[in-house]
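The block underneath contains the structure these notes are about, expressed in structure tokens.
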């Protein structure tokens, strides 16, 4: 999956964009809810770029403390996030790098 998308760019955008701006851009309750957003930030802050790409590819999670609302959406989390990121133009296709 990471070969399909430019995950490092997404990670850097999520990491460096102020939280209030991200919240305004992403939380629309269809499908990205406040719980999705909070879990997304926990994942981004708990990882470096390589780890985030791994979790994105495997669709699993780093060791983060999750509240009851976040535990409920674990199964759909990555798909819901990908839907939202795609609709906002944040999940761009990876460009094949040319061999030197």
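Some observations on this one:
- Restricted to helices (runs of 4 or more DSSP H) entirely inside region 1-85, those with at least 2 residues that are under 27 Å from residue 95 (Cα atoms) are 7-16, 19-26, 34-46, 49-58.
- Residue in region 35-49 that is farther than 20 Å from residue 19 by Cβ and at pLDDT 90 or above present: no
- Test: residue 33 is touching a strand residue (DSSP E or B) at 6+ places or on another chain (Cβ under 8 Å) and either exposed (fewer than 14 other Cβ atoms within 10 Å of the Cβ) or under 21 Å from residue 64 (Cα atoms) (or both): no
- Unmet criterion (only one of (1) in a helix (DSSP H, G or I); (2) touching a helix residue (DSSP H, G or I) at 6+ places or on another chain (Cβ under 6 Å)) for residue 91: (1)
- Scanning region 48-81 for residues that are closer than 21 Å to residue 6 by Cβ, buried (at least 17 other Cβ atoms within 10 Å of the Cβ) and touching a residue at least 24 places away in the same chain (Cβ under 8 Å) gives 52, 53, 56, 77, 80, 81.
The values are calculated or read from the model by the stated rules, or taken from the named source; none is laboratory data. Here the structure is a predicted model, which means the values were calculated and not measured. Note that we place each Cβ from the backbone using ideal geometry, even for glycine, and neighbour counts take in every protein chain shown.
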